Amino acid sequence: MIPYADFFYFGILLYMALPTLLIRRWLGFSRAWVLLATAAMLIAQYGTTAHLLPVIAPAGLRVTGGSPVSGGLAEVRDIWVVIACGLFQWSLAQAFLWMRTRTSWYWPFPAAMLLTLLPLVGARFLPMAMPGAQFGFLGISYVTFRSLDVIFGIRDRLIVSLPADQFLAFLFFFPTISSGPIDRYRRFSQDWNRPRPAAEFWKDLDGAVHRVFTGFLYKFILAATIKTYWIDRLAEGGFLNTLSYMYGYSLYLYFDFAGYSAFAVGVSYLLGIHTPENFNRPFLAGNIKDFWNRWHISLSTWLRDHVYMRFMLAAGKGHWFTGKYTASYLGYFLTFGLMGLWHGIEPYYLLYGLYHGTLLVGHDLFTRWNKPRQVWRNGPLWRATGTVVTFHMVCLGFLLFSGRIGPTWKPANSVPPVTQGAALAHVGPHESSDGQTIRGWARDASRPDLPVKVAILDGNRLLAGVLADGFRADIQQAGRGNGRRGFSYSIPAELKDGGKHLILVQLAGTDIDLQNMPRSITLSPAFSGRN
């Protein structure tokens, strides 16, 4: 289940929100309730999805729940991966804290950093080393950055204790776990431990309502409209369509992500945690540096503090470079190169990061060149021109980020069906048949930039062929291309006859079933009126 992606999630969220209102109104901020609500929402979010992990077992073995183990892979629920990751990160942070207070050795710090990154690296590279295997969960990159923030805090002697409840609440705080904003441990701990006046509840409630309604406007009205009536109608290639896609995708990405962030911040306020804002009208930025002070603020400030500034400090202390600005420029490329790789291991993510590093270096070079010459001046017209230029440069960067341009991209309507015997290195799962929709995702790793088509069958009867090109943020964040791998099929009313149906989802043109298939479901007429 993807947070804030559909109204079903908000229905689940109501079960948490209503008691939260009562508890905060009459009892005040409750750490116990935040922990309980987080645990319940994590189970709801991660308890129904599963990954394939490598195991040592004979082929054909069936594990709990009837999941097949084939070629050394077993199905494991995401919630167990989340729990294992949390225990691993807490144990690692505790071990580093213990060593930091008892020794002056330098090696525990880089060792702790590398081990903290291990789950994220596994999620990115395991599918390449073992086709079909998956590791990680939606939000593992954000959890990793929060864990690294703790390691840095211990390194700087700013964190001297790690209560388990506080650490795990910070790491897995459910409103922000999947896509941020990236909070800081010291800021979170202040909210976690400070006393609250009764009047703060009403202020928090006002902030929560405002942000939640902003999220609905951005994500479900503006972003959905742009996607339906702009992006999805640009299946053809060509320069003009690519140019139109560039602007449409940039606006869609902003409203979709800013809408998500508004939901996350709003629900955080409801619980009494003041998660930092993530966007501040980024398309009004006057230059590229100003843009990164407005876009994905929690990520850009995290990278600034923990990568760029630490690189600059180390370079200065070690006298690594003779040039006055060399360290700064290399720091930009290092910081934004890592930012690109954080999104995924596809080449266009790295290119996107290096592109922004180049823009920042170019901005600094031009600013220093212009200072004595005053070719570019201040004033309303100059600021407006800077905003327009910055907007176009940013949109070009988002086009790179989307993966649409490049030697392997082809228009969706030109993708040939997968043929029998194709080398399918990775097949995604069917995720649900709830009596209303059949949804999931699929990917052919031998052609990672091209969407595949899935065939949906009722027994031997073909119901539909559906192109798996719907955007999925969790797939994108897991490093599997640009995220356009999802499919959804609405079950027709004539099938809702109250009987049982054997539903299959296969890759079109093959007899290869998606994971979790086939599935026997009862299509009751009672479902026909549900959303």
Legend entry - Entries of 289/371; 203/289; 317/371; 227/453 with Cα pairs more than 24 Å apart: 203/289; 317/371
Inset, instruction - Using a Förster distance of 41 angstrom, determine the FRET efficiency expected from the C-beta separation of residue 277 and residue 39, and round it to 0.05. - result: 0.95
Legend entry - Charge dipole (debye, nearest 20) of segment 84-171; +1 at Cβ of Lys and Arg, -1 at Cβ of Asp and Glu: 180 debye
Legend entry - Exposure proxy order (Cβ contacts within 10 Å, fewest to most) of 290, 204: 290, 204
Legend entry - Cα-centred dipole magnitude for segment 123-206, charges only on beta-carbon of K, R (+1) and D, E (-1), debye, nearest 20: 280 debye
Legend entry - Efficiency of FRET from Cβ geometry, residue 461 and residue 338, R₀ 35 Å, rounded to 0.05: 0.10
Legend entry - Positive-pole candidate from 363, 291, 306, dipole of segment 288-414, charges at beta carbon: 363
Inset, instruction - Calculate the spin-label point distance for residue 309 paired with residue 9, positioning each point 7 Å from the Cα along the beta-carbon direction, and give it in nanometres. - result: 3.1 nm
Inset, instruction - For a footprinting-style exposure proxy, rank 77, 186, 373, 24 by other Cβ within 10 Å, fewest first. - result: 373, 186, 77, 24
Legend entry - Surface/4 of the Cα convex hull for segment 151-278, nm²: 10.2 nm²
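Laboratory data are not the source of any read-out in this text; all were calculated from the coordinates shown. Just so we're clear, the structure is a prediction, and the values are computed from it rather than from any experiment. Neighbour counts are summed over all protein chains in view; Cβ atoms, including those assigned to glycine, are modelled from backbone coordinates with ideal geometry.
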